[in-house]
Amino acid sequence: MKTQELLDKLIDAEKNIVPDSELKKKILTETTEQQHKHYVLWPKLAIAASIAIVFMLGVKLGGKFNVHEAAYSSIVIDDNKIENLDFYSDAVYE
Amino acid sequence: MQDSELIENILNGKTQYFEVLIDKYQPAVFLTAIGFVHVKEDAEDIVQEVFVKVYQSLAGFKGDASFSTWLYRITVNVSLNHLNRNKFRLLIGFTDNLLHHENRYSEDLNPADEIIGNENARIIRKAIDSLPDKQRTAFVLSKYEDMPQKQIAEILQVTEGAVEQLLQRAKQSLQKKLKHLVGK
């Protein structure tokens, strides 16, 4: 079968391809890097968790601050009660 | 040293035994990868990816199947994923061909081209690559690894009868696609 012969020739030729001699070294380097990446992740997680905790504490703390109505009204300034504001207002100028 | 002993030593932190594992199985993994991708550099990338996955997953290896069966399954999966990822790259390579740029299937990279001719090699590879995944896997393991049908069945998790069918269909498909080459 000629088709089979062609197939066999291609396969036999490809079976003779040899990988780079440095391939094992590349594999070992990458497995070491992957291992290192795994350990380096923890500090990042700790920082992210700290930021999240501080943020949540801030929100909770802010929620505890309730301004009393009367106290609130005392700090709101009514523009009309400012002395001599009439001089600067078009509505009352004559 | 048996595979189980090697694995035990690696998991106990004796990582130098991983080098022994690589020495033992790298040729077989490379051969399977070449059967899928036909290009040395791509096959090397696959080998690298396979052994990194093995290293990361070794703790989860339960031993239900033999280590070599497990390793071949990873190799097949990584090879097929590599091909799917590079489908777009292959399209670019085809476009490069049209523009007469150098491509990875050039004669310098594959000795098969010198033996059976560049064009014939390209057609044969295209025919193998057009096989459905399971047929292609069975074909590669059978022809490149000279693997018995029983072992192929374990890797593919099918019966031996199913493997025989896959190989028959692959053979028929290839004969049909390559019959115009006969007589050239």
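The values are calculated or read from the model by the stated rules, or taken from the named source; none is laboratory data. Being a predicted model, the structure only gives us computed values, none of them experimental. FYI the Cβ positions are ideal-geometry reconstructions off the backbone, even for glycines, and counts take in every protein chain you see. Surface areas here come from the heavy atoms of the whole protein model, side chains and all, with no ligands, DNA or RNA. Shrake-Rupley method; radii C 1.70, N 1.55, O 1.52, S 1.80 Å.
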Fill in the blank from the handout: Flagged as over-length at 23 Å C-alpha distance, from A:15/B:134; A:9/B:176; A:26/B:143; A:9/B:40, the pairs are A:26/B:143
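Going by accessible area, probe 1.4 Å, with all protein chains left in place, what is the ranking of B:36, A:55, largest first?
Sorted by accessible area, descending: A:55, B:36.
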Handout entry: Simple label model, 7 Å out from Cα along Cβ direction - residue B:84 to residue B:159, nm
Key = 2.8
Completion exercise
Counting other chain Cβ atoms within 10 Å of each Cβ in A:24-31 and taking the mean gives 6
Exercise for the section: Show me B:171-181, B:43-53 ranked by packing, highest mean number of other Cβ atoms within 10 Å first. Expected result: B:43-53, B:171-181
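Figure the gain on full extension for residue A:61 and residue A:12 (residue separation times 0.36 nm, minus the Cα-Cα span) and round it to one decimal in nm.
10.2 nm
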Fill in the blank from the handout: Buried accessible area between A and B, both sides, 1.4 Å probe, in Å² rounded to 100, is 3000
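Other chains' Cβ within 10 Å of B:38-47 residues: what's the mean? Intermediate values should be presented prior to the final figure.
Values: counts 3, 2, 5, 2, 0, 4, 6, 2, 0, 6.
Across B:38-47, the average partner-chain Cβ count within 10 Å equals 3.
For region B:113-184, give the magnitude of the charge dipole about the Cα centre (Cβ charges: +1 Lys/Arg, -1 Asp/Glu; no others), in debye to the nearest 20. The partial results should precede the final answer.
On the way: 13 positive and 10 negative charges, 91 e Å.
My answer is approximately 440 debye.
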Exercise for the section: With N set to the residue count of region B:1-45, report its C-alpha Rg divided by 2.2 N^0.38 Å to two decimal places. Expected result: 1.40
Practice task
Express in Å², to the nearest 10, the accessible area of residue A:45 obtained by rolling a 1.4 Å probe over the protein heavy atoms while all chains stay in place.
Solution key: 90
